[in-house]
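Undergrad: Here's a structure for you.
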Amino acid sequence: MAMNRTLFRGSVVTNHVVARITSRPNLCTRCQQRWSSVSQRPGSDRVQFPGAVNSKFTTGLKFQRASEDDAMPTYRILDQEGRIVDGAQQPPDITDSEAIRLYKDMVNVSVMDVIMFDAQRQGRVSFYMVSAGEEGIAVGSASALSLSDPIFAQYRETGLFQYRGFTHDDFMAQLFATKDDPGLGRNMPVHYGSKKLNMHTISSPLATQIPHAAGAAYAVKMQNMQNPMDEQRVVACYFGEGAASEGDFHAALNIAATRSCPVLFVCRNNGFAISTPTLEQYRGDGIASRGVGYGIDTIRVDGNDILAVREVTRQARELALKDGGRPVLIEAMSYRVSHHSTSDDSFAYRAKVEVEDWKRRDNPITRLRKWMEAKGIWDDEKERNLRADARKSVLTAYRKAENEKKPPLSSLMSDVYAEPTEEQKEQMAKLRSHLEKYPDEYDVSEFEGGMEGLTLEKK
């Protein structure tokens with residue numbers, strides 16, 4: 001078996017070229033049993049208590065602690081130069097057209113990130129977060145999921161929306177809070193959502209989407225059982241390793257494990273929780289070791305290898321649907337090339353040369369491009385055309401959204417009750433009176449309908 005070692009901030013691991021999701025089927029079966037007695041069998045060499053499963057007795061007093069030698073391996077298909085690591089393995093199960101699609105989606109996200117980061121610096125939008133260095137995790141995993149699978153994302157999964165069909169117009173409508181934003185400007189930028197694409201709206205509070213995903217997965221489990229002839233679905237939940245320090249993470253994994261929920265927990269371990277490096281976040285073997293601790297099938301993957309991410313997600317989805325459903329934890333190792341957000345200056349807590357080194361020597365876009373060039377399906381001309389077209393498309397949507405009307409003023413109070421309450425009507429009347437009294441102080445022309453939009457009556 002070919003192997004070598006690589007260093008991520010989140011773990012020191014041995015890279016294997018054979019995908020293996022850490023699973024102990026016999027143990028899991030025992031874990032789900034309901035013990036009828038706590039009595040010990042005469043002569044038994046192991047624990048039969050309800051709280052411990054198949055634990056052998058020992059007379060040796062030894063405290064257990066994992067070391068670097070015990071680190072979970074990291075699965076990869078391509079090395080940093082875009083070469084297949086193990087030629088003896090089956091080639092990646094992907095067509096040329098699909099590989100090109102994945103590449104185009106990553107580049108589109110990257111191009112938009114650069115433009116919108118600069119737009120925030122110019123005061124055009126209030127906030128933005130880029131996905132630099134992590135595009136492969138979102139796009140690669142999205143390609144292995146069904147469009148009917150519900151998604152609970154955090155805020156660096158732009159590639160998921162891109163792959164599922166979110167257009168540049170859709171992105172800009174949310175970023176500029178225009179009348180075309182499904183959220184009607186009620187959320188801060190980069191908090192996308194789409195009912196049509198089965199993607200729950202992103203929320204700012206850290207880790208809240210993880211227990212939401214576990215609950216949704218339990219509902220999906222019931223639906224799968226009630227409708228066995230329909231497409232069987234799983235839930236996918238995304239978060240960073242910093243979110244895994246929140247209590248919501250532990251509660252979600254525990255309930256998903258005990259209720260056997262078909263959910264994929266995808267952790268992006270990019271080395272930093274804003275300014276806090278992984279060394280100050282935890283002492284264990286990354287986030288993957290926590291999945292094993294909760295009795296969850298777990299795997300670690302090279303997040304800069306989009307083909308590996310795709311294959312791991314494909315197999316994880318199949319596993320999550322076995323035997324009525326079970327959770328799977330995927331820890332995708334990467335490096336956050338960008339600042340945490342436009343509110344952050346990461347060079348205050350890490351060296352610029354470190355960032356530039358990662359950007360230069362290993363990122364998911366460059367790695368896939370090298371692989372495609374070696375196959376003869378990509379070249380410099382196609383690269384120039386792709387980037388030019390992406391930039392043109394983003395800027396066209398950008399200019400359109402910048403000049404678009406904002407949602408009507410009534411959206412300040414609508415969608416709270418099925419029917420407007422008397423209190424709401426009174427408040428809306430007072431707002432109208434105030435705006436009419438001071439017309440020079442408030443420009444309502446940028447809102448759809450202007451003053452006429454100040455109504456809660458249903459049309």
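The values are calculated or read from the model by the stated rules, or taken from the named source; none is laboratory data. Quick caveat, the model's predicted, so the values are computed rather than measured. Glycine also receives a Cβ, built like all others from the backbone with ideal geometry; neighbour counts cover every protein chain displayed. Only protein heavy atoms, including side chains, enter the accessible area calculation; ligands, DNA and RNA are left aside. Shrake-Rupley method; radii C 1.70, N 1.55, O 1.52, S 1.80 Å.
Undergrad: From the set of residues in the range 296-314 that are open to solvent by 10 Å² or more (accessible area, probe 1.4 Å) and out of contact with any Phe, Trp or Tyr (no Cβ under 9 Å at 6 or more places or on another chain), which is nearest to VAL234 (Cα to Cα)?
TA: Among them, the one singled out is ARG314.
Undergrad: Taking the range 155-176, which residues are at pLDDT below 95 and either of a type in the set (A, V, I, L, M) or open to solvent by 10 Å² or more (accessible area, probe 1.4 Å) (or both)?
TA: Of everything in the range 155-176, just one residue is at pLDDT below 95 and either of a type in the set (A, V, I, L, M) or open to solvent by 10 Å² or more (accessible area, probe 1.4 Å) (or both), namely TYR155.
Undergrad: Write out, first by first residue and then by second, each pair whose Cβ atoms fall under 7 Å of each other, whose residues are 6+ apart or on separate chains, and whose first residue, in the range 286-301, is touching a residue at least 60 places away in the same chain (Cβ under 8 Å) while the second is open to solvent by 50 Å² or more (accessible area, probe 1.4 Å) and aliphatic (A, V, I, L, M).
TA: Close Cβ pairs (under 7 Å, with a partner that is open to solvent by 50 Å² or more (accessible area, probe 1.4 Å) and aliphatic (A, V, I, L, M)) amount to SER289/ALA66; THR298/VAL292.
Undergrad: Could you tell me which residue of the range 366-397 is nearest to LEU454 (Cα to Cα), considering only residues that are touching a His at 6+ places or on another chain (Cβ under 8 Å) and open to solvent by 20 Å² or more (accessible area, probe 1.4 Å)? Quick ask: steps written out before the conclusion?
TA: Taking the range 366-397 and keeping what is touching a His at 6+ places or on another chain (Cβ under 8 Å), we get 393-394, 396-397.
Next, from what is left, pick out any that are open to solvent by 20 Å² or more (accessible area, probe 1.4 Å): 393, 396.
On the way: SER393: 34, THR396: 31 Å.
Per the criteria, the residue is THR396.
Undergrad: Still on this model: Can you tell me how many residues in the range 250-285 are closer than 30 Å to SER343 by Cβ and at pLDDT below 90?
TA: So the count comes out to 15.
Undergrad: Could you list all residues from the range 428-438 that are under 11 Å from LEU454 (Cβ atoms) and open to solvent by 100 Å² or more (accessible area, probe 1.4 Å)?
TA: Of the residues in the range 428-438, the ones under 11 Å from LEU454 (Cβ atoms) are 428-436.
Of everything in the range 428-438, those that are under 11 Å from LEU454 (Cβ atoms) and open to solvent by 100 Å² or more (accessible area, probe 1.4 Å) turn out to be LYS430, GLU436.
Undergrad: Turning to a different aspect of this structure: One residue is enough: does the range 214-224 have a residue meeting the conditions assigned by the TED database to the domain that holds ILE151, open to solvent by less than 10 Å² (accessible area, probe 1.4 Å) and within 30 Å of VAL355 (Cβ to Cβ)? Spell out the reasoning first.
TA: Of the residues in the range 214-224, the ones assigned by the TED database to the domain that holds ILE151 are 214-224.
Still in the list and also open to solvent by less than 10 Å² (accessible area, probe 1.4 Å): 214, 217, 220.
Then keep just the ones that are within 30 Å of VAL355 (Cβ to Cβ); that gives none.
No, the range 214-224 contains no residue that is assigned by the TED database to the domain that holds ILE151, open to solvent by less than 10 Å² (accessible area, probe 1.4 Å) and within 30 Å of VAL355 (Cβ to Cβ).
Undergrad: A further question on this structure: From the list LYS400, LYS406, LYS382, which residue is in contact with a strand residue (DSSP E or B) (Cβ under 9 Å, 6 or more places away or on another chain), under 30 Å from ASN108 (Cα atoms) and at pLDDT 95 or above? Show your work before the answer.
TA: Working: LYS400 fails: in contact with a strand residue (DSSP E or B) (Cβ under 9 Å, 6 or more places away or on another chain); LYS382 fails: in contact with a strand residue (DSSP E or B) (Cβ under 9 Å, 6 or more places away or on another chain).
Of LYS400, LYS406, LYS382, the one residue that is in contact with a strand residue (DSSP E or B) (Cβ under 9 Å, 6 or more places away or on another chain), under 30 Å from ASN108 (Cα atoms) and at pLDDT 95 or above is LYS406.
Results for (1) closer than 30 Å to ALA132 by Cβ; (2) of a type in the set (Gly, Ala, Ser); (3) modelled with pLDDT of 65 or more; (4) surrounded by 10 or more Cβ atoms within 10 Å (Cβ to Cβ), shown as yes or no for each residue.
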position	(1), (2), (3), (4)
MET3	yes, no, no, yes
ARG9	yes, no, no, yes
THR14	yes, no, no, yes
SER37	no, yes, no, no
THR58	no, no, yes, no
LYS62	no, no, yes, no
MET72	yes, no, yes, yes
GLN80	yes, no, yes, yes
MET106	yes, no, yes, yes
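Undergrad: Same structure again: Out of ALA418, ALA401, report the one residue that is open to solvent by less than 30 Å² (accessible area, probe 1.4 Å), under 30 Å from MET172 (Cα atoms) and among the aliphatic types (A, V, I, L, M). Reasoning before the result, please.
TA: Details: ALA418 fails: open to solvent by less than 30 Å² (accessible area, probe 1.4 Å).
Just a single option satisfies the conditions, and that option is ALA401.
Undergrad: Pick from GLU331, GLU318: which is assigned by the TED database to the domain that holds PHE272, within 29 Å of MET372 (Cα to Cα) and part of a strand (DSSP E or B)? Spell out how you get there, then give the answer.
TA: On the way: GLU318 fails: part of a strand (DSSP E or B).
After applying the criteria, what remains is GLU331.
Undergrad: Return the residues of the range 56-103 that are assigned to a loop (DSSP other than H, G, I, E, B) and β-branched (Val, Ile, Thr); say none if nothing qualifies.
TA: Residues of the range 56-103 that are assigned to a loop (DSSP other than H, G, I, E, B), as a first pass: 57-67, 71-73, 76-77, 79-83, 85-95.
Of everything in the range 56-103, those that are assigned to a loop (DSSP other than H, G, I, E, B) and β-branched (Val, Ile, Thr) turn out to be THR58, THR59, ILE77, VAL85, ILE94, THR95.
Undergrad: Looking at MET372, is it modelled with pLDDT of 90 or more, of a type in the set (A, V, I, L, M) and over 27 Å from HIS168 (Cβ atoms)? Let's see the steps before the verdict.
TA: Working: modelled with pLDDT of 90 or more: yes; of a type in the set (A, V, I, L, M): yes; over 27 Å from HIS168 (Cβ atoms): no.
Judged against the criteria, MET372 is not a match.
Undergrad: Test LEU206 against the stated conditions and say whether it is open to solvent by 20 Å² or more (accessible area, probe 1.4 Å), at pLDDT below 95 and in the same structural domain as LYS392 (by the TED database).
TA: yes
Undergrad: Looking at the range 199-227 only, could you name the residues that are among the small types (Gly, Ala, Ser), under 13 Å from the mean Cα position of the chain (by Cα) and over 22 Å from ALA257 (Cβ atoms)? Quick ask: steps written out before the conclusion?
TA: The first filter runs over the range 199-227 and keeps only residues among the small types (Gly, Ala, Ser), leaving 203-204, 207, 213-217, 219.
In the following step, the residues that additionally are under 13 Å from the mean Cα position of the chain (by Cα) were identified as 203, 207, 213.
Across the range 199-227, the qualifying residue is only SER203.
Undergrad: Suppose we keep only residues that are within 17 Å of ASP297 (Cα to Cα) and of a type in the set (Ser, Thr, Tyr) within the range 226-260. Which one would you say is least open to solvent (accessible area, probe 1.4 Å)?
TA: TYR238
Undergrad: Further question on the same structure: Do we find that ASP323 is surrounded by fewer than 18 Cβ atoms within 10 Å (Cβ to Cβ) and in the same structural domain as TYR238 (by the TED database) in this structure?
TA: On the way: surrounded by fewer than 18 Cβ atoms within 10 Å (Cβ to Cβ): yes; in the same structural domain as TYR238 (by the TED database): yes.
Yes; evaluated as a whole, the condition is true for this residue.
Undergrad: Moving on to the next point. May I ask you to list the residues in the range 374-398 that are within 26 Å of GLU81 (Cβ to Cβ) and of a type in the set (D, E, K, R)? Before you say what the answer is, go through the steps one by one.
TA: Taking the range 374-398 first, the residues within 26 Å of GLU81 (Cβ to Cβ) are 374-387, 390.
Correct list: LYS375, ASP379, ASP380, GLU381, LYS382, GLU383, ARG384, ARG387.
Undergrad: Out of the residues in the range 334-355 that are among the small types (Gly, Ala, Ser) and assigned to a loop (DSSP other than H, G, I, E, B), state the one that is surrounded by the most Cβ atoms within 10 Å (Cβ to Cβ). Step through it out loud before you land on a result.
TA: Within the range 334-355, the subset among the small types (Gly, Ala, Ser) is 334, 338, 341, 343, 346, 348, 351.
Now narrow it down to the ones that are assigned to a loop (DSSP other than H, G, I, E, B): 334, 338, 341, 343, 351.
On the way: SER334: 30, SER338: 20, SER341: 18, SER343: 12, ALA351: 10.
Selected residue: SER334.
Undergrad: Please count how many residues of the range 417-454 are touching a helix residue (DSSP H, G or I) at 6+ places or on another chain (Cβ under 6 Å) and either in the same structural domain as GLY185 (by the TED database) or under 17 Å from THR178 (Cα atoms) (or both). Working first, answer last.
TA: In the first step, residues of the range 417-454 are kept if they are touching a helix residue (DSSP H, G or I) at 6+ places or on another chain (Cβ under 6 Å); the result is 442, 444, 447, 453-454.
Right, trim to either in the same structural domain as GLY185 (by the TED database) or under 17 Å from THR178 (Cα atoms) (or both) and you get 444, 447, 453-454.
Number satisfying all stated conditions: 4.
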